[in-house]
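One structure is given below, encoded as structure tokens.
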Amino acid sequence: MYTKKFDQLTYKDVDIAGGKGASLGEMTQAKTPVPPGFVVLAGAFDRFLEETDLGVEIDAIIKKVRSNDINSVEEASEKIRDLIGDAEFPKDIAEEIRAEFKKLKTEFVAVRSSATAEDSSVASWAGELESYLNVTEKNLLESVKKCWSSLFTPRAIFYRFEKNLHDKKVSVAVVVQKMVQSDVSGICFTVHPVTQDKNQMIIEAGYGLGEAIVGGMITPDSYVIDKKDFSIMDINISCQQKKIVKSGKGTKEMIVKKEDQEKQKMSGKQIIDLAKICTNIEKHYKKPQDIEFALEKNKIYITQSRPITTL
């Protein structure tokens, strides 16, 4: 078995499902509104490396890397990613992934890397690896492979050396999740990241897909909520002129309608409903969380939660 549905996983499965996969499993078990999906377990990647004999080649390339030389890192990354891209996908694993995809009964999925070293105390790989949005059955396997090979982007290779992980075994699982075509999306920090006040949370929200906020393309609205009584203490509305939306096989930038640019992105009720969900997630994990959410047709979905590592 090289895949597991979210409801078959818990936070204890980081070693097979990676930080992201384990967290989505844990939240699904806790009845959080997570879009359905499954994880291609790290064992699939390990077997792929073994079967293609790539493991040995990759180790040899990594050993030659001079981490203080950007060209050396980029060259190694390109070589390794090409090797993974060109290698044959194990047939039985491919069949299992396709079968699970069909069960989701959706045309589009988000495919995200989930490193097995992710969100551990040694290192947080969040943001180091790649994600692909609006993936269809046709480019599903290719996207899984790209997630595998993103363990070897120049950034991820640097990160290994910086955290002294280049001699340790790091593997990668891949999350395949029903795509939410969000009207509004964003991030919630269950503890105010600036004042570090544990009784306040902050929600940042913008139109379209969350990549616009994560990638720094837009300045989101921000709402500060009192966690004791869920009153909204502060609302800061930002003018948003562009958003990222689904387009064909991928995404595209789009201009926000003039009359919507200055509007508040979430209603008071939506802010409070989301704050309650995020408080429950924090209580469940017993530590402050950095949570990604999406709103589609007025329904709230949680797409990721991880501990806030900077407090």
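Observations on the structure shown:
- Longest to shortest principal axis, alpha-carbon extents of the chain, angstrom: 57, 40, 37
- Cβ-to-Cβ counts within 10 Å put Thr116, Thr309, Thr28, Thr10 in ascending order as Thr309, Thr10, Thr28, Thr116, the fewest first.
- Choice from Gln196, Gln181, Gln264 with maximal GNM fluctuation in the chain (Cα, 10 Å cutoff): Gln196
- The Cβ shell under 15 Å around Met266 holds other residues with a net charge of -2, Lys and Arg each +1, Asp and Glu each -1.
- For Asp183, the residues whose amide H sits under 5 Å from its own are Leu295, Glu296, Lys297, ignoring neighbours fewer than 5 places away on the same chain, with H placed 1.01 Å from N.
- Considering only Gly206, Gly216, Gly55, the Gaussian network model of the chain with Cα springs below 10 Å gives its largest mean-square fluctuation to Gly216.
- Kyte-Doolittle mean at least 0.0 and Cα axial length at least 30 Å: DSSP H helices in the chain: none
- If the segment from Ser247 to Glu50 were pulled out straight at 0.36 nm per residue, it would be longer than the present Cα-Cα gap by 67.3 nm.
- Among 152-163, 233-244, sorting by the average number of other beta carbon atoms lying within 10 angstrom of each residue, highest first, gives 152-163, 233-244.
- Between Lys31 and Glu75, the simple spin-label model (points 7 angstrom out along Cα→Cβ) gives 5.8 nm.
- By the count of other C-beta atoms within 10 Å, a proxy for reagent exposure, Thr251, Thr310 are ordered fewest to most as Thr310, Thr251.
- Extension gain from Lys178 to Lys297, taking 0.36 nm per residue of separation minus the Cα-Cα distance: 41.3 nm
- Eligible aspartates and glutamates near Lys252 by straight Cα distance, threshold 12 Å, same-chain separation 8 or greater: Glu211
- Measuring between their Cα centroids, region 287-310 and region 55-72 lie 36 Å from each other.
- Residues of type lysines that Lys287 reaches as a straight line, Cα spacing below 17 Å, ignoring anything fewer than 8 places off in the same chain: Lys12, Lys20, Lys198, Lys227, Lys228, Lys276
- Taking Val135, Val170, Val144 in turn, the Gaussian network model of the chain (Cα-Cα springs below 10 Å) assigns the largest fluctuation to Val170.
- Region 179-215 residues near the modelled Lys263 label - backbone nitrogen below 13 Å, point 7 Å along Cα→Cβ: 183-184, 207-208
Since every read-out is calculated from the coordinates, none of them should be taken as a lab result. The shown structure was predicted, so the numbers you read here are calculated from the model rather than taken from an experiment. Positions of Cβ are generated from backbone atoms using ideal geometry, with glycine treated the same way; all protein chains shown enter the neighbour counts.
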